[in-house]
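The values are calculated or read from the model by the stated rules, or taken from the named source; none is laboratory data. Worth saying up front: this structure is predicted, and the values here are computed from it rather than measured. In this analysis, Cβ positions are derived from the backbone assuming ideal geometry, glycine residues included, and neighbour counts consider all displayed protein chains.
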Amino acid sequence: MSEEPVMYIVVNKEVKMSPGKLAAQVAHSAVKASEEDNRTKWWESWYFGSYTKIILKASEFEMKELMDKYHDQLVYTRDEGRTEIPKGSLTTLAFFPLLRSEAPPELAKLKLL
């Protein structure tokens, strides 16, 4: 059996969000990552398919380190400030789907949400 792709989504644990707000921010990043992942080859067969999402939590500093190092492998979401949190708040980031064996080692240090 071959390894299946996974999408890692990281939530900013320093931003206080209601459960609904948190769910919306995770969804924003997941959709963005699916839309902006323009890789080809075998990934195409998974593009519209279902794959596991793993939700992790990190500090904003840890998230920015991931964004700097893996900028071409992920997307991030900053809130528009319409409801609960200040405009521009970094809420989530999502890696393009990848194999667990190819996950950045920094993700192993983060805790599940």
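Does E62 satisfy the condition of being modelled with pLDDT of 95 or more and under 28 Å from E3 (Cα atoms)? It is true that E62 is modelled with pLDDT of 95 or more and under 28 Å from E3 (Cα atoms).
With respect to the conditions (1) within 21 Å of K111 (Cα to Cα); (2) in contact with a helix residue (DSSP H, G or I) (Cβ under 8 Å, 6 or more places away or on another chain); (3) at pLDDT below 95, D37 falls short on a single one, namely (1). Of the strands (runs of 3 or more DSSP E) entirely within the range 47-113, those holding at least 1 residues that are among the aromatic types (F, W, Y) occupy 74-78, 90-95.
Take D79 and tell me if it is at pLDDT 85 or above and over 21 Å from P105 (Cα atoms). Against the criterion (at pLDDT 85 or above and over 21 Å from P105 (Cα atoms)), D79 qualifies.
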